[in-house]
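K.L.:
This structure is in structure tokens; I'll ask about it shortly.
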Amino acid sequence: MKPNFSNIFKWGLAQTMISTGMVKNAIQRSMNGEHILAVYFHDPSKKEFESAVKWLLKHDFQFISPEDLLMIAQNKQPFPKGAIMITVDDGWKNNEENIVKVANKHKIPVCIFIATEAVETGNYWWPKVMHANQIHQKGIPDVQQLKKVPNAKRLELINKITTTGTREREAMDIEQIKRISKSPYVHLGAHTHTHPILPNCSYEQSLKELKSSKEKLEKWIGKPVISFAYPNGDFTQREINILNQLNYQLAFTCEPTGIKRQNLLSPLKIPRFAFLEGATMDENICRMMGIWQPLRDKFRYTVFHQKTEYSEYKFQKQS
Ligand SMILES: [Zn+2]
């Protein structure tokens with residue numbers, strides 16, 4: 001990691017959180033059963049992922065699966081103490097080596113959410129856009145701008161990108177999906193087909209995204225798919241209604257709070273904390289314990305008057 005101001009600041013913040021007992025208190029709150037933690041990864045290195053798992057095991061966390069969470073939500077299992085759920089978004093190629101092998105070794109459940117188009121084509125849309133911007137292809141907005149335009153416009157702009165040569169596969173292929181689904185520790189969920197920003201889609205597009213990804217995944221693995229993660233954490237009430245209609249039972253957002261009993265009354269809006277690949281282990285400990293993002297957001301608001309908005313809320317204001 002480069003020693004720039006931002007990294008030194010983050011390093012200092014993590015040290016402060018650890019030395020002042022904030023991490024210890026956060027562990028205690030989990031152990032007292034105040035909430036269940038859910039964390040999402042994307043494409044961590046094996047070292048990053050295994051260090052996180054070992055740290056959680058050392059602190060006596062109990063790893064739960066989506067099925068466990070559902071049983072808890074339905075009051076068929078008691079609300080647990082010190083529970084954590086590991087989720088992984090997108091379905092990156094390296095997940096088999098870096099996540100699944102570690103999960104099998106330590107016998108811990110993980111839930112991986114798959115964007116099915118990338119499994120079929122090999123690549124995700126945003127690395128393609130980043131690459132086009134790096135080589136200065138004209139008329140291509142950056143990834144953040146593309147997350148704000150109507151879905152049809154996003155697709156039109158992405159299709160304009162002329163690919164130079166074949167890019168290395170980024171997502172798992174169908175054989176990998178089939179193989180990892182055989183592990184008793186791996187649970188697979190849907191993450192749409194093309195990984196759009198759902199509130200930017202028309203009703204028909206949104207329905208198609210949620211339906212086709214479930215159907216493809218179920219066909220590949222031969223098991224029902226009951227869980228879902230919103231790409232970018234973005235959704236509206238419309239997506240909740242569609243998920244209900246399609247018999248999804250759990251859906252995960254990116255709202256950084258613990259899962260309290262009342263959150264389980266809305267199982268299609270389960271909050272999660274972000275693990276940041278490339279950050280220090282200390283920062284990620286603070287992230288997994290749920291104290292990093294709330295404090296960072298408070299800091300941003302106090303110093304820059306910037307409000308960090310998550311999931312559905314930023315879209316509800318527009319509609
Ligand atoms: Zn994603």
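K.L.:
Does Arg167 satisfy the condition of being at pLDDT 95 or above and more than 16 Å from the ligand (Cβ to nearest atom)? Steps first, please.
P.N.:
Numbers: at pLDDT 95 or above: no; more than 16 Å from the ligand (Cβ to nearest atom): yes.
It is false that Arg167 is at pLDDT 95 or above and more than 16 Å from the ligand (Cβ to nearest atom).
K.L.:
For Asn232, which of the numbered conditions (1) away from the ligand (no atom under 15 Å from the Cβ); (2) within 19 Å of Lys148 (Cα to Cα) fails to hold?
P.N.:
Just one mismatch for Asn232, condition (1).
K.L.:
May I pose another question? Restricting the search to region 25-76, which residues are among the aliphatic types (A, V, I, L, M) and out of contact with any Pro (no Cβ under 9 Å at 6 or more places or on another chain)? Quick ask: steps written out before the conclusion?
P.N.:
Of the residues in region 25-76, the ones among the aliphatic types (A, V, I, L, M) are 26-27, 31, 36-39, 52-53, 56-57, 64, 69-73.
Scanning region 25-76 gives Ala26, Ile27, Met31, Leu37, Val39, Val53, Leu56, Leu57, Met71.
K.L.:
To continue, here is another question. Tell me, yes or no, whether region 82-90 has at least one residue that is within 16 Å of the ligand (Cβ to nearest atom) and more than 22 Å from Gly233 (Cα to Cα). Full working, then the answer.
P.N.:
Filtering region 82-90 for residues within 16 Å of the ligand (Cβ to nearest atom) gives 86-90.
With the extra rule that they be more than 22 Å from Gly233 (Cα to Cα), the set shrinks to none.
The answer is no; no qualifying residue exists.
K.L.:
Within region 29-51, track down each residue that is out of contact with any Lys or Arg (no Cβ under 8 Å at 6 or more places or on another chain), more than 20 Å from Lys93 (Cβ to Cβ) and either part of a helix (DSSP H, G or I) or not assigned by TED's automatic domain parsing to the domain that holds Ala229 (or both).
P.N.:
Answer for region 29-51, where residues must be out of contact with any Lys or Arg (no Cβ under 8 Å at 6 or more places or on another chain), more than 20 Å from Lys93 (Cβ to Cβ) and either part of a helix (DSSP H, G or I) or not assigned by TED's automatic domain parsing to the domain that holds Ala229 (or both): Arg29, Ser51.
K.L.:
Go through the residues of region 184-203 one by one and say whether even a single one is aromatic (Phe, Trp, Tyr) and assigned to a helix (DSSP H, G or I).
P.N.:
To start, the set of residues in region 184-203 that are aromatic (Phe, Trp, Tyr) comprises 185, 203.
Narrowing further to those that are assigned to a helix (DSSP H, G or I): 203.
Yes, there is a match, as at least one residue in region 184-203 is aromatic (Phe, Trp, Tyr) and assigned to a helix (DSSP H, G or I).
K.L.:
Additional query: For region 232-239, indicate whether the set of residues that are at pLDDT 95 or above, under 30 Å from Ser6 (Cα atoms) and aromatic (Phe, Trp, Tyr) is non-empty.
P.N.:
no
K.L.:
Kindly provide the set of residues from region 206-231 that are surrounded by 18 or more Cβ atoms within 10 Å (Cβ to Cβ) and polar (S, T, N, Q), ordered by number.
P.N.:
Ser206, Ser213, Ser227
K.L.:
Oh, and also: Given the condition over 21 Å from Leu56 (Cα atoms) and either in contact (Cβ under 8 Å) with a residue 40 or more places away in the chain or outside any helix (DSSP H, G or I) (or both), answer yes or no: does some residue in region 274-281 qualify? Working first, answer last.
P.N.:
If we filter region 274-281 for residues that are over 21 Å from Leu56 (Cα atoms), which is where we start, we get none.
Within region 274-281 (the criterion being over 21 Å from Leu56 (Cα atoms) and either in contact (Cβ under 8 Å) with a residue 40 or more places away in the chain or outside any helix (DSSP H, G or I) (or both)), the answer is no, since none of the residues qualifies.
K.L.:
Still on this structure, please answer the following. What single numbered condition from (1) part of a strand (DSSP E or B); (2) touching a Lys or Arg at 6+ places or on another chain (Cβ under 6 Å) fails to hold for Val225?
P.N.:
Here Val225 meets the rest and fails (1).
K.L.:
Collect the residues in region 146-172 that are outside any helix (DSSP H, G or I), in contact (Cβ under 8 Å) with a residue 40 or more places away in the chain and surrounded by 12 or more Cβ atoms within 10 Å (Cβ to Cβ), keeping them in residue-number order.
P.N.:
Listed by number, the residues that qualify are Lys147, Val149, Pro150, Arg167, Arg169, Glu170, Ala171, Met172.
K.L.:
Can you tell me which residue among Ile72, Ile114, Ile99 is away from the ligand (no atom under 16 Å from the Cβ), in the same structural domain as Glu277 (by TED's automatic domain parsing) and not acidic (Asp, Glu)? Outline the logic, then answer.
P.N.:
Working: Ile114 fails: away from the ligand (no atom under 16 Å from the Cβ); Ile99 fails: away from the ligand (no atom under 16 Å from the Cβ).
From the options Ile72, Ile114, Ile99, the qualifying one is Ile72.
The values are calculated or read from the model by the stated rules, or taken from the named source; none is laboratory data. Every value quoted in this text rests on a predicted model; they were computed, and no experiment measured them. Quick reminder, even Gly has a Cβ in these numbers, built from the backbone with ideal geometry, and neighbours come from all protein chains shown.
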